[in-house]
Amino acid sequence: KAVYPGVLEFYKQLDMGAGGGAGAEWDEGRLGNLVFLSARPHVYKDVAERASFALFDKLQKTMGFYTTPSLLAGNFKGIKLVLNDFTPILDKKYANFTEFAAVYPEYSYVFVGDNGQADLCVADKAMDNYGTKVKAAFIHKVCAQEKSFGYSEAARERWASRRICFFHTYVGAAVSAYAWDLISVYGLKRVGEAARAQLLDLVPKLTVKQKEVLYVHFQTDIDEANERLRDAGVGEIEGLQHLTRAIPVRRASAAAREVAAEAVAAAAAAAGVLDTADDRPVVTAVEEVEGPAAAGAGEGSKTESEL
């Protein structure tokens with residue numbers, strides 16, 4: 001397993017907020033506002049919690065994780081699942097959130113999770129009951145939206161009317177965070193650059209299918225981020241078009257082939273050369289953080305999330 005490219009930088013930029021300039025950095029010794037919201041049970045002598053904090057420590061030492069987050073554990077009731085009914089997880093996570101929010105009523109919140117279990121419904125319920133104190137929710141699409149727990153036509157329309165971003169990559173999440181004034185334009189660029197660099201490190205470990213599919217996701221989101229950066233007069237995130245071509249075109253999907261062909265043509269035009277090779281540049285990534293995760297919406301805010 002590997003940490004999904006850009007996720008740790010995304011947390012940090014949410015915690016730094018929208019006011020950071022070009023040279024803004026996380027001050028050493030500053031406490032973060034990152035909280036992992038979990039339904040995993042507390043067990044004897046904090047066995048589960050120790051494993052989580054060992055992972056946090058490893059991420060700090062090896063990947064520059066910017067803070068030691070808080071962790072709100074669940075209980076055994078929250079793991080009694082029947083036929084993909086994630087209601088116990090939803091109930092426990094939401095109960096943890098309400099208890100936490102009661103202790104910190106002055107804070108606002110940003111949720112980050114995925115649509116594989118109950119994260120989306122936790123964020124949706126929090127928006128119902130806490131209104132604008134929940135600034136946004138960022139939901140990683142690990143399955144089709146209509147397969148999300150709690151999906152209905154009414155729910156889909158409600159999600160579309162709220163600040164709920166369904167994303168494929170953390171670059172895409174950062175684009176929405178910037179549009180909603182949760183991070184700065186420089187924060188957007190930093191998330192993109194971090195995601196790209198971490199993605200390149202993962203390329204040798206990925207399958208052909210992963211490279212094919214996720215190349216399209218990452219390049220699409222980088223292109224969208226670069227539009228925002230150009231509008232703000234900030235330098236762009238380097239694209240993926242010049243990477244080692246690892247997937248033959250004949251094995252690529254039509255959509256991937258089209259995006260790749262356009263990227264190669266653009267790179268060739270910029271370089272003044274014509275590339276006629278029968279393959280294309282590709283990259284992608286995998287994820288370790290399993291479940292929700294989030295970071296604070298600027299100074300004076302807290303966040304909810306989980307491993």
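Which percent of the accessible heavy-atom area of the stretch 149-191 goes to carbon and sulfur, probe 1.4 angstrom? Don't skip to the end; give the middle numbers.
Working: 790 of 1730 Å².
Here it works out to 46 percent.
Among 157-163, 173-179, 117-123, how do they line up from the highest to the lowest mean number of other beta-carbon atoms within 10 Å? Please report the intermediate quantities before stating the final value.
Working: 157-163: 13.9, 173-179: 24.0, 117-123: 27.7.
Going by the mean number of other Cβ atoms within 10 Å, highest first, we get 117-123, 173-179, 157-163.
Hey, can you rank 58-70, 130-142 by average C-beta count inside 10 Å, highest first?
Working: 58-70: 15.7, 130-142: 19.8.
The packing order, highest mean first, is 130-142, 58-70.
Please list, in chain and number order, the residues 5+ apart from F167 or on another chain whose amide H is under 5 Å from its amide H, with Hs placed from the backbone.
I139, H140, K141
Between A2 and residues 5 or more places away or on another chain, which pairs have amide H atoms under 5 Å apart, with H built 1.01 Å from N, and which residues are they?
It is E287, E288, by chain and number.
Please work out the Cα convex hull volume for the stretch 152-228 and give it in Å³ per residue. Provide the component values of the computation, followed by the final result.
Working: hull volume 7.8 nm³, N = 77.
That works out to 102 Å³ per residue.
Quick one: which residues, 5+ away or cross-chain, put their amide H under 5 Å from the amide H of G116? H built at 1.01 Å from N.
V142
On full extension of the chain, what length is gained from R230 through A197, given 0.36 nm per residue of separation minus the C-alpha to C-alpha distance? The partial results should precede the final answer.
Working: separation 33, 0.36 × 33 = 11.88 nm, distance 2.05 nm.
Answer, rounded to one decimal: 9.8 nm.
Could you check the simple spin-label distance between A102 and D181, using points 7 Å along Cα→Cβ, in nm with one decimal?
With each label point 7 Å from Cα toward Cβ, the separation is 3.2 nm.
Please list L31, L240 from largest to smallest accessible area, probe radius 1.4 Å, with all protein chains kept in place.
Values: L31 145, L240 0 Å².
If we order L31, L240 from most to least accessible, we get L31, L240.
Kindly report the accessible area of the stretch 83-157 per residue (heavy atoms of protein chains, probe 1.4 Å, no ligands, DNA or RNA), in Å².
On the way: 3360 Å² over 75 residues.
That works out to 45 Å² for each residue.
The values are calculated or read from the model by the stated rules, or taken from the named source; none is laboratory data. Since we're looking at a predicted model, the values are computed, not measured. Quick reminder, even Gly has a Cβ in these numbers, built from the backbone with ideal geometry, and neighbours come from all protein chains shown. The accessibility values were calculated without ligands, DNA or RNA, using every heavy atom of the protein model including side chains. Shrake-Rupley method; radii C 1.70, N 1.55, O 1.52, S 1.80 Å.
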